[in-house]
C-alpha cells in the first residue's frame with residue numbers, strides 16, 4: 001500500500017513516498033515504511049523580505065511540486081499507477097500554498113481513482129516522532145511547538161487527542177522569530193537566534209519566565225518578547241550584547257517549556273513525552289528535556305532533525321496511518337468522490353478493496369482546504 005505525501009502549508013515544499021506494508025504491519029517500525037522523501041526550502045526566496053510572502057510561496061510550490069513528485073517516485077522505485085492514496089496537507093496554513101498542494105494531490109488521486117486524504121498539519125507534526133528509529137508507543141504526552149502553535153496534548157492513538165494546555169498569546173516559535181527580528185537577525189529567525197545564543201554569556205541578563213508557576217499547563221510568550229524589546233531599547237546592540245540577550249531569551253523560553261512538560265507528565269502519570277515541530281529542533285531545548293526526563297524518570301522522544309520542520313514524510317505517514325485504520329473525517333477537506341464511494345450514513349470515504357468501486361470516481365469531484373483548522377475538529381474521526 002503506497003501513499004504519496006505532499007506538504008505545502010507554508011514555505012517548504014515536501015514530498016514523500018510511504019509503504020504501509022513495510023512500516024505499519026507485522027510489528028515493524030513506522031520508519032521502515034519511508035521509501036523516499038525530498039524537500040525544497042524557500043528560505044532564500046523570502047530572505048530579502050524578512051518573512052514569508054504568501055503569493056511568492058504559492059507560486060514556488062507550483063514550480064517545485066511535480067519535479068519533486070517525479071524525483072521521489074524514482075528514488076522510491078515505484079510507478080505513479082502503483083499508488084494506493086495521495087495524502088496532502090489540508091490545513092491549517094497559507095490558503096494559496098495549501099491550494100497548490102491540494103490541487104496536485106486531488107488531480108493525481110482523481111486520475112488514478114484512489115483516495116485523496118486531507119491531513120491536518122498539526123497531526124502530521126504530532127505523529128512525526130514515529131519516524132524515529134526508536135519510535136514511541138501510544139499513549140504519550142506531546143509538546144507541539146510548530147509555527148504559531150504551542151500546545152501540550154494527550155495522545156492516546158490516531159485521532160485521539162486531548163488538549164491539556166496551550167499558549168494564550170504568542171507561540172514559542174513566534175517569540176523566537178520576533179526576538180530575532182528585534183536583534184536584527186536574518187530570516188528564519190529562530191535558528192539564527194539559537195546560533196547567536198551559543199556566543200552569549202550566562203547571567204548578564206535575566207528575563208521573566210511567564211506562567212511558569214501558574215498551576216496549569218498553559219503558556220504565554222508575549223510578555224517575554226516585550227521584555228526583550230524593552231531591554232533592547234535601553235542598550236546599544238553591539239555583537240556581544242545581542243548574543244547575551246539571545247542567550248537569556250532562549251534560556252527563559254526553554255525553562256518554561258521544560259517546566260510545563262514536567263508538570264504534564266506528573267499530572268497524567270504517563271511515561272513518554274514526544275516533542276514535535278520546528279522548535280523541537282532546538283538543541284538547548286532537547287538537552288534540557290533530556291536532563292528533566294532523567295531526573296523525573298520518563299522517556300522523551302524527538303523526530304529526526306530533518307522531520308522537525310515541515311516535510312512530506314509526516315504527511316505521508318499520517319495518511320498511511322489513517323488509511324490503514326480506515327479513519328476518515330467528513331470535514332477534512334479530502335477529495336470528494338461520487339456517492340458510491342461514500343458511506344450513506346456518515347458521508348465518509350469508504351476504503352473498500354473492490355477495484356470497480358475504487359475506480360468509480362465522479363468527474364464532478366471537488367476539494368477544499370482549511371487555512372484555519374482546529375485540531376480538536378478531527379478528534380475521534
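None of the figures in this text is laboratory data; all of them are computed from the coordinates on show. Worth saying up front: this structure is predicted, and the values here are computed from it rather than measured. Glycine gets a Cβ as well: all are built from the backbone with ideal geometry, and neighbour counts include every protein chain shown.
Against the empirical 2.2 N^0.38 Å (N residues), segment 29-73 has a Cα radius of gyration ratio of 1.48.
Counting only alpha carbon atoms, the long axis of helix 172-182 and the longest principal axis of the chain meet at about 50°.
In the frame of its principal axes, segment 139-302 has Cα extents of 50, 28, 28 Å, reported largest first. A simple spin-label model places pseudo-atoms 7 Å from Cα toward Cβ; at residue 66 and residue 107 they are separated by 0.6 nm. How tilted is helix 222-234 with respect to the longest principal axis of the chain? Cα atoms for both, answer in degrees (0 to 90, nearest 10). Helix 222-234 sits at roughly 40 degrees to that axis. Remark: 179, 368, 167, 89 ranked as 368, 167, 179, 89, counting other beta-carbon atoms within 10 Å and listing the fewest first. Centroid-to-centroid, using Cα positions, segment 276-305 and segment 135-186 are 13 Å apart.
Ellipticity at 222 nm from helices only: DSSP H runs of n ≥ 4 in the chain, each -39500 (n - 2.57), divided by the residue count, give -12500 deg cm²/dmol.
Summarising the overall dimensions of segment 133-187 from its C-alpha atoms, the Rg and Dmax are 14.7, 42 angstrom. At q = 0.22 Å⁻¹ the log10 of I(q)/I(0) for segment 155-238 amounts to -1.13, computed by Debye summation with a single uniform scatterer per C-alpha, solvent ignored. By DSSP, the beta bridges lying fully in the chain are antiparallel in about 60 percent of cases.
Computed from label points 7 Å out along Cα-Cβ, the spacing between residue 212 and residue 296 is 1.4 nm. Sorted on the mean count of surrounding Cβ atoms within 10 Å across their residues, most packed first, peptides 224-231, 316-323 read 316-323, 224-231.
Return the Rg/Rh value of segment 37-115, two decimal places, where both radii are evaluated on C-alpha atoms and Rh is the Kirkwood radius. Here the Rg-to-Rh quotient is 1.01.
Put simply, the C-alpha atoms of segment 7-138 give a gyration tensor, and the ellipsoid matching it has half-axes of 26, 18, 14 Å, longest first.
Of the residues 284, 178, the one with the fewest other Cβ atoms within 10 Å heads the list, and the complete ranking is 284, 178. Listed from fewest to most Cβ neighbours within 10 Å, the set 161, 49, 187, 88 follows the order 49, 187, 161, 88. Extents of the chain, taken as max minus min of Cα coordinates on every principal axis and listed largest first, are 70, 47, 35 Å.
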